[in-house]
Amino acid sequence: MPKGKKSALIAAMRLFSESGFDGTSTTQVAEEAGISQATIFKYFHTKQDLLMAIVQPVLENFFPTYRDEFFRGIAKQQTLTEIVHFIVTDRYHFIKANEQAVRIIVMEMMTSAEMRMVFTKVVTSDDFNFLQELVQFFYRTGELREDVDAAGLIRVIAGQMIVYIIQGNYVPELLHGEQEDLQTITNQIVRTLKK
């Protein structure tokens, strides 16, 4: 990747994650990157193209590209507790490794219909129903409550994870240590989902 393009992506990721897409100008990105605005527009025709260059790879890796490895990992788990623990630790580490991009995606999904469309398209591809496949692993354990569907399963798991990430960023004194906290989250989710 050309140096100017890489600099623009890194600067934009940091600024978008701190100030939001609408709160960041291409002038600020250029200054942060140490390049001209013309260089930004050489590689990205619009500010929106720059945003998509940041979030598209994360969305693609979060679901379709990464899904085969993710589902292979889940398939190795035998119990509901093992599945939940795998998902909690795996997704937490993915989010931490891609924290700035994930923050941008979350912020943009709240305000941008285009970002919500991109996200929905990635999650619900014609050839693979991510949520339905996921819930099947839980049902196969025989331990999942019958009144829990795919949407409910995601709300329970994602809700715990999102709150934990927020606590880590804004009230870290509530945390006890990553390993202990992830185990506590696992236990709380299992209590909610188990028959």
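The values are calculated or read from the model by the stated rules, or taken from the named source; none is laboratory data. The structure presented is a predicted model; accordingly, all values stated were derived computationally and were not measured. Virtual Cβ from ideal backbone geometry, glycine too; neighbours counted across all protein chains shown. Just the protein is used for accessible areas: all its heavy atoms, side chains included, with ligands, DNA and RNA removed. Shrake-Rupley method; radii C 1.70, N 1.55, O 1.52, S 1.80 Å.
Values for this structure:
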quantity	calculated
Mean-position separation - Cα centroids, the range 1-16 and the range 174-195, in angstrom	36 Å
Extension gain, residue 174 back to residue 28 (0.36 nm per residue minus Cα-Cα distance, nm)	49.1 nm
Only Lys, Arg (+1) and Asp, Glu (-1) charged, at Cβ; the chain dipole about Cα centre in debye	240 debye
Flagged links, alpha-carbon separation over 19 Å, of 3/96; 42/96; 6/42; 6/47; 96/121	3/96; 42/96; 96/121
Estimated FRET transfer efficiency when R0 is 25 angstrom, pair residue 10-residue 155 (beta carbons, to 0.05)	0.15
Anisotropy class of the range 1-62 from Cα gyration tensor, a/c 1.5 cut	oblate
Potential lengthening between residue 133 and residue 183 on full extension [0.36 nm per residue; Cα-Cα distance subtracted]	15.6 nm
Karplus-derived 3J(HN,Hα), 6.51/-1.76/1.60, for each residue of the range 84-100, Hz, glycine and proline x	4, 4, 4, 4, 4, 6, 5, 5, 4, 5, 5, 4, 4, 6, 10, 4, 5
Efficiency of FRET between residue 36 and residue 195 - r from beta-carbon atoms, R0 45 angstrom, step 0.05	0.15
Solvent-accessible heavy-atom area per residue, rounded to whole Å², over the range 1-119 at 1.4 Å	51 Å²
Relative contact order %, the chain, counting alpha carbon pairs below 8 Å whose residues are six or more apart	23 percent
Cα gyration tensor shape of the chain, rounded if a/c is under 1.5, else prolate or oblate by comparing a/b with b/c	prolate
Solvent-accessible area per residue, Å², over the range 128-190 with all protein chains present [probe radius 1.4 Å]	58 Å²
Top positive-direction residue, dipole computed over the chain with Cβ charges, set 16, 167, 44	44
Accessible carbon and sulfur surface of the chain relative to its total accessible area, %, 1.4 Å	54 percent
Residue 137 accessible area, 1.4 Å probe, all protein chains in place, Å² to nearest 10	30 Å²
Among 100-106, 74-80, the order from most to least packed when residues are scored by Cβ within 10 Å on average	100-106, 74-80
